[in-house]
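> Quick one: structure below, then a few questions.
Bear in mind that the values in this text are calculations on the coordinates, not laboratory data. This one's a predicted model, so the numbers in the text were calculated from it and none came from an experiment. Reconstructed Cβ throughout: ideal geometry from the backbone, glycine too, with neighbour counts over all protein chains shown.
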Amino acid sequence: MTSIDTALGRLSTLLGSGGVLSGADVRARMSGWGSQKPCEAGAILRPRSTEEVSAILRICSELGQPVVPAGGTTGLVEGHIAHGDELLLSLELMNRIEEIDPANRFAVVEAGVPLQALQEAAGRHSLLYPLDLGARGTATIGGNISTNAGGNRVIRFGMTRDMVLGLEAVTADGSVISAMNRMIKNNAGYDLKQLFIGTEGTLGIVTRAVLRLREAPQSQVTGFVAVPSYRNVLTLLRRIDRGLGGMLSAFEVMWKSFYDLVTTEPAKNRPPIPADHPFYVLIEAMGGDQEADQARFEAVLGEALEDGLIADAVIAKSDAERAALWAMRDDVAQVARFWPIFTFDVSLPISLMEGYVAEVEAGLKAAWPNERHVIFGHLGDGNVHIVVGVGEAGAAPRERVERLVYDPLEARGGSVSAEHGIGLEKRAWLGHSRSEAELALMRTLKAAMDPKGILNPGKVLGPAGRPH
Ligand SMILES: Cc1cc2nc3c(=O)[nH]c(=O)nc-3n(C[C@H](O)[C@H](O)[C@H](O)COP(=O)(O)OP(=O)(O)OC[C@H]3O[C@@H](n4cnc5c(N)ncnc54)[C@H](O)[C@@H]3O)c2cc1C
């Protein structure tokens, strides 16, 4: 009997009917968002409580059995990928919203709650859970926490890290760390929740969380503008932020290449502004008075238009028009049109972005004259996504493209992962953004918390070598 069979024997008894999926039930699932490859995990474990997660890890720790935590499997860096000798531990049955506390403005949830379910539950109490991203319907709170997800409103509310007041996690040996803090301020010793935020399931499995809620906005104003130069994009960001007096909640930039892609057939979106400008920006403000905020928004954009900062603008007049503007930004699936693709999620101080992008584009064009790429993203946070198709797939072109994207980034002190994490996909490049001393301390932490290396092995820190 292999060790995975031994583990599964004990785990089936522990989890009972429906608690373990195997064989065809595993292969019926895809390995991740947009993937055509079936899930390869040895089995899928579906605990229903923190106690069950703890018992699973006690057994797996004893047997040295690797475990890969998973939420909605929408992660974009192969962090949730499990191989045949690994068990996928899905939090999908731990999906209860335990409490929404309007007076203290927090929610208590299990890790498997989909992001959108929490957004909607908070909304029913006139509260806002500010995290928002395209995969909202499927991505889970546990996955958001483990990747420290960013998304569309970071410029106003910060990343997931800024929304987590407390959490509960189970470490590799099955210990339950209950750090379910409910206060905004708590400096009593080490802030242990940070060990589990953004560490991609390599130090523990997040089972529950306390999340900070905000007052739901009473107004939402969404505009879309064309900008004649990158310099103007930078000036516009400051002008808008100042002009809106703290209401700015999204500043999403599309390079013309992305705008063209998402507004031409077979994409369903129609271009709200002619496609002959180099940059487009989706701007959103959230405030307290629809009429006054709309007027202020219009005045700020009007001034920018008069000064030549922007070349054209539309402002959504209804929820349907707002949704149509966001649908363009969220229509990332159009990149499949130049499959096979390589995707990137980088960050830099925004003043360095123009030179960086020019260098990447020149490098790609020199190597593959017919390459196609698009650039878009949360530029207000210094974060862009680059998707590249060079007409070939495989390790060699991947590495060449990665070098062309990451070397100019390293030279400017940027990050190879702004918000998606490292997973398997980016671990070879982690050293481009982290010093030797930082990497050594990460390895020390991993060895201390997971000495047998059973939690999401190979993710983030390696060892290098498991093929994609
Ligand atoms: C269309 C689309 C748009 C996206 N937009 C954004 C965006 O704007 N910003 C952004 O940051 N990301 C974005 N993403 C990426 C993705 O949605 C996020 O990373 C999300 O937080 C992942 O959640 P998940 O539940 O799907 O996690 P999974 O994909 O299942 O897992 C992600 C990682 O977290 C670990 N993990 C999952 N659950 C747990 C747990 N309970 N405990 C410990 N570890 C766990 C996994 O092992 C893996 O390493 C997007 C993805 C798609 C498909």
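> I need the calculated FRET efficiency for the pair Ala333 and Ala188, taking r as the beta carbon distance and R₀ as 56 Å, to the nearest 0.05.
0.80
> Another one. What does the helix-only formula give at 222 nm for the chain: each DSSP H stretch with n ≥ 4 adding -39500 (n - 2.57), the total divided by the residues, and the result rounded to the nearest 500 deg cm²/dmol?
Details: 13 runs with 147 residues, N = 468.
The helix contribution divided over the chain gives -9500 deg cm²/dmol.
> Quick one: which of Lys37/Lys459; Lys37/Lys426; Lys365/Lys446; Lys256/Lys459 span more than 30 angstrom between C-alpha atoms? Could you put the intermediate results ahead of the total?
On the way: Lys37/Lys459 19 Å; Lys37/Lys426 20 Å; Lys365/Lys446 40 Å; Lys256/Lys459 35 Å.
Beyond 30 Å: Lys365/Lys446; Lys256/Lys459.
> Provide the gained length on full extension for the span Arg434 to Ala216, in nm with one decimal, where the gain is 0.36 nm per separating residue minus the Cα-Cα distance. Could the numbers behind the result be given before it?
Details: separation 218, 0.36 × 218 = 78.48 nm, distance 3.75 nm.
Separation in residues times 0.36 nm, less the Cα-Cα distance, equals 74.7 nm.
> Here's another thing I want to ask about it. Considering only C-alpha atoms, what is the centroid distance from the stretch 378-445 to the stretch 20-39, in Å?
Cα centres, the stretch 378-445 to the stretch 20-39: 27 Å.
> Related question: Quick check: the distance between the Cα centres of the stretch 134-201 and the stretch 239-257, to the nearest angstrom?
Centre-to-centre (Cα) distance: 27 Å.
> Using 0.36 nm per residue of separation minus the Cα-Cα distance, give me the extension gain between Val314 and Ala292 in nm, one decimal.
Values: separation 22, 0.36 × 22 = 7.92 nm, distance 1.77 nm.
Separation in residues times 0.36 nm, less the Cα-Cα distance, equals 6.2 nm.
> If r is the Cβ-Cβ distance from Ser351 to Glu98 and R0 is 35 Å, what FRET efficiency results, to the nearest 0.05? Don't jump to the answer; show the numbers that get you there.
On the way: r = 44 Å, r/R0 = 1.26.
In this case the efficiency is close to 0.20.
> Next up: Per residue Cα convex hull volume for the chain, in cubic angstrom?
Values: hull volume 70.4 nm³, N = 468.
In the chain, the Cα hull volume divided by residue count equals 150 Å³.
> Hey, quick one: spin label on Arg161, modelled 7 Å out along Cα-Cβ, who in the stretch 193-217 has an amide N within reach, i.e. under 19 Å?
Under 19 Å, as judged by backbone N against the label point of Arg161, lie 193-206, 209-213 of the stretch 193-217.
> Ok, one more. Determine the shape class of the stretch 314-366: with a ≥ b ≥ c the square roots of the Cα gyration tensor eigenvalues, call it rounded for a/c under 1.5, and otherwise prolate if a/b is greater than b/c, oblate otherwise. Spell out each step's value before the answer.
On the way: a/c = 3.08, a/b = 1.61, b/c = 1.92.
Oblate, because a/c is 1.5 or more while a/b does not exceed b/c.
> Using θ = phi - 60° and the Karplus curve 6.51 cos²θ - 1.76 cosθ + 1.60, what whole-Hz ³J(HN,Hα) does each residue of the stretch 384-395 get, with Gly and Pro shown as x?
My calculation for the stretch 384-395 gives 10, 9, 10, 10, 10, x, 10, x, 9, 10, x, 5 Hz in order.
> Less than 15 Å from a label point 7 Å out along the Cα-to-Cβ axis of Glu392: which backbone N atoms in the stretch 332-352 qualify, by residue?
340-342
> Same structure again: Pull out the extension gain between Thr6 and Ser49, defined as 0.36 nm times the separation in residues minus the alpha carbon to alpha carbon distance; nm, one decimal. Spell out each step's value before the answer.
Working: separation 43, 0.36 × 43 = 15.48 nm, distance 2.23 nm.
Once the chain is fully extended between Thr6 and Ser49, it gains 13.2 nm.
> As an exercise, use a Förster radius of 45 Å and the Cβ-Cβ distance of Asp173 and Ala323 to find the FRET efficiency, rounded to the nearest 0.05. Show your work: numbers first, answer last.
Values: r = 47 Å, r/R0 = 1.05.
That gives a FRET efficiency of 0.45.
> Let me ask something additional. Give me the one-decimal nm value for the distance between modelled label points at Thr343 and Leu445, 7 Å along each residue's Cα-to-Cβ direction.
My value for the distance between the label points is 2.5 nm.
> Per residue of the stretch 313-319, in order, report the coupling 6.51 cos²θ - 1.76 cosθ + 1.60 (Karplus, θ = phi - 60°) as ³J(HN,Hα) in whole Hz, putting x for Gly and Pro.
Karplus values, whole Hz, x for Gly and Pro: 7, 10, 10, 5, 9, 8, 4.
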